[in-house]
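The values are calculated or read from the model by the stated rules, or taken from the named source; none is laboratory data. In this text the structure is predicted, and so the values were computed from the model without any measurement. All Cβ positions, even for glycine, are placed from backbone atoms using ideal geometry, and neighbour counts span all protein chains on display. When the accessible area is computed, the model is the full protein with side chains, heavy atoms only, and any ligands, DNA or RNA have been set aside. Shrake-Rupley method; radii C 1.70, N 1.55, O 1.52, S 1.80 Å.
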Amino acid sequence: MAVDLLLGLQWGDEGKGKIVDVLTSDYEIIARFQGGPNAGHTLEFDGQKHVLHTIPSGIFHEKTINLIGNGVVIDPVIFKKELENLQKHNIDYKSKLFISRKAHLILPTHRLLDAASEASKGKAKIGSTLKGIGPTYMDKTGRNGIRVGDLELENWKDKYRALADKHEKMIQFYDVNVQYNLAELEQEFYDAVDTLKELQFIDSEAFLHQAQKEGKTILAEGAQGSLLDIDFGTYPFVTSSTTTAAGACTGLGVAPNQIGEAYGIFKAYTTRVGSGPFPTELFDEDGETMGRVGNEFGATTGRARRCGWLDLVALKYAVQINGITQLIMMKGDVLSGFEKLKVCTAYNYKGEKIKHLPYNIEAENITPVYTELKGWAADLTGMTKASELPKEFNDYVEYLEKVLQVPIKVVSVGPDRKQTILR
Ligand code: IMP
């Protein structure tokens with residue numbers, strides 16, 4: 001049985017949590033393969049809103065197995081809070097939440113290092129969520145990291161101590177003002193590790209291979225988006241993991257020829273949090289309207305998201321890198337009321353019209369070339385059938401399909417599970 005993928009195609013915050021939740025009834029296993037608590041996956045149902053950071057979005061479904069794969073980085077402290085929230089809602093997670101022994105741990109000093117690194121960059125800062133993601137992946141590739149499986153060893157605290165001591169020296173090296181009380185942070189960390197150890201640690205690649213053999217349906221749930229990919233994103237303003245399709249292979253141990261459908265998810269417009277290039281960013285009333293109507297505030301940090309028109313050059317790039325087979329368009333409802341809609345179909349780059357993402361996409365090099373489409377006035381949020389959608393909305397979607405050459409199979413018209421229309 002092939003493994004399907006769900007990937008964000010922009011700068012994250014496309015609405016993956018909602019769609020995984022909607023798709024979950026079709027899958028027996030949902031697996032996260034990269035990222036960590038920098039992600040904030042929001043799910044709304046039965047009048048309640050839930051935000052997940054590390055735990056896969058299938059956790060609210062009774063029978064779904066949720067796997068945190070080897071490519072994920074876990075902060076036990078944040079993880080414990082997520083578990084407490086699940087307990088509050090009487091979710092029995094222990095029987096259906098598995099963690100790869102090869103997943104790496106975020107230590108309190110990783111968070112401090114993240115803060116020190118950002119502070120030292122001044123204006124050039126990445127806009128990191130400060131969850132320690134970069135320093136943890138640095139220790140992973142530097143072959144110094146502590147993995148979940150290490151917690152089963154007698155001497156794991158010695159390993160921890162050696163690494164934390166090294167981190168303290170590195171924090172001093174940055175020569176910036178980062179205030180902390182390590183003893184307190186460590187106590188909180190050790191308590192949280194005890195909670196983490198109550199869960200099932202597994203050799204997740206073997207588990208998945210067996211599940212595939214048994215014909216189980218598996219969905220790999222991406223975090224962040226393709227334009228934040230460590231290789232293919234707008235480097236250095238990216239996250240530290242492989243957010244594209246290849247990340248599911250390395251982050252779960254799934255072979256490339258075992259990938260089935262690749263669902264790509266995007267918003268009907270574009271948003272970005274943190275720093276970095278964003279060619280179609282708006283600084284006017286239109287951008288302000290998108291932010292207000294779309295409630296564009298980060299689920300993890302609460303930061304206001306930057307908003308702009310849909311960038312089809314960047315979206316096509318993401319479709320190609322990931323081999324997307326089906327598209328899902330989110331937040332179409334937010335564009336209701338715009339008389340005209342713009343989509344970026346090319347860039348003017350250093351005096352030349354180009355249709356690909358160049359190496360250097362800083363604002364001074366690029367101006368977007370827009371195509372204008374007619375907007376629609378109707379409120380979409382109460383619609384449940386494709387036949388109810390206005391003509392101009394369908395024209396917008398069909399235009400995108402023509403450019404992207406991939407069908408848009410699902411459109412979302414509101415945050416609730418029920419506000420999802422199949423085309
Ligand atoms: P980090 O992953 O926390 O180091 O942040 C690096 C960049 O990725 C920053 O611009 C963040 O705002 C952005 N980022 C990280 N996670 C997410 C996410 O889940 N949604 C949107 N942006 C994110």
Point to revise | Whichever residue in the stretch 299-314 is of a type in the set (D, E, K, R) and open to solvent by 40 Å² or more (accessible area, probe 1.4 Å) and, among such residues, is farthest from residue 373 (Cα to Cα) | key: 303
Review point. Does the stretch 282-298 include one or more residues that are open to solvent by less than 20 Å² (accessible area, probe 1.4 Å) and within 17 Å of the chain's Cα centre (by Cα)?
Key: yes
Review point. Restricting attention to the stretch 167-174, does a residue exist that is in contact with a Lys or Arg (Cβ under 7 Å, 6 or more places away or on another chain) and either of a type in the set (Val, Ile, Thr) or within 20 Å of residue 96 (Cβ to Cβ) (or both)?
Key: no
Practice item. Sort out which residues of the stretch 81-95 are within 27 Å of residue 250 (Cβ to Cβ) and either touching a His at 6+ places or on another chain (Cβ under 9 Å) or open to solvent by 40 Å² or more (accessible area, probe 1.4 Å) (or both), and write them in order of number. Key: 82
Revision key, fill the gap. Of the residues in the stretch 339-384 that are of a type in the set (A, V, I, L, M, F, W, C) and closer than 24 Å to residue 422 by Cβ, the one that is nearest to the chain's Cα centre (by Cα) is 343
Check your understanding: Hey, residue 90 hits all of (1) within 16 Å of the ligand (Cβ to nearest atom); (2) more than 21 Å from residue 230 (Cα to Cα); (3) modelled with pLDDT under 95 but one; which does it fall short on?
Key -> (1)
Exercise for review: Report, ordered by the first and then the second residue, all pairs with beta carbons closer than 6 Å, sequence separation of six or more or different chains, a first member in the stretch 306-317 that is without any contact (Cβ under 8 Å) to a residue 60 or more places away in the chain, and a second member that is in a helix (DSSP H, G or I) and surrounded by 24 or more Cβ atoms within 10 Å (Cβ to Cβ).
Suggested key: 307/290
Practice item. Mind counting the residues in the stretch 36-60 that are farther than 12 Å from residue 301 by Cα, open to solvent by 10 Å² or more (accessible area, probe 1.4 Å) and not in a strand (DSSP E or B)? Key: 3
Check your understanding: On the given criteria, is residue 161 out of contact with any helix residue (DSSP H, G or I) (no Cβ under 9 Å at 6 or more places or on another chain), assigned to a loop (DSSP other than H, G, I, E, B) and at pLDDT 95 or above?
Key -> no
Check your understanding: Restricting the stretch 216-271 to residues that are open to solvent by less than 30 Å² (accessible area, probe 1.4 Å), of a type in the set (Val, Ile, Thr) and closer than 21 Å to residue 103 by Cβ, which is nearest to the chain's Cα centre (by Cα)?
Key -> 243
Exercise for review: Return the pairs, sorted by first residue and then second, in which the second residue is away from the ligand (no atom under 13 Å from the Cβ) and not acidic (Asp, Glu), the first residue lies in the stretch 8-37 and is in the same structural domain as residue 305 (by the TED database) and touching a residue at least 12 places away in the same chain (Cβ under 8 Å), the beta carbons are less than 8 Å apart, and the residues are 6+ apart or on different chains.
Suggested key: none
Check your understanding: Before we move on, is residue 220 assigned by the TED database to the domain that holds residue 134 and under 25 Å from residue 77 (Cα atoms)?
Key -> no
Check your understanding: Is there a residue in the stretch 323-333 that is aliphatic (A, V, I, L, M), within 21 Å of residue 57 (Cβ to Cβ), in a helix (DSSP H, G or I) and away from the ligand (no atom under 16 Å from the Cβ)?
Key -> no
Exercise for review: Could you please let me know if residue 381 is open to solvent by 70 Å² or more (accessible area, probe 1.4 Å) and in contact (Cβ under 8 Å) with a residue 24 or more places away in the chain?
Suggested key: no
Exercise for review: Taking the options 67, 83, name whichever one is outside the structural domain of residue 164 (by the TED database) and assigned to a helix (DSSP H, G or I).
Suggested key: 83
Exercise for review: May I ask you to verify whether residue 302 is part of a loop (DSSP other than H, G, I, E, B) and either in contact with a Ser or Thr (Cβ under 7 Å, 6 or more places away or on another chain) or free of Cβ contacts under 8 Å to residues at least 24 places away in the same chain (or both)?
Suggested key: yes
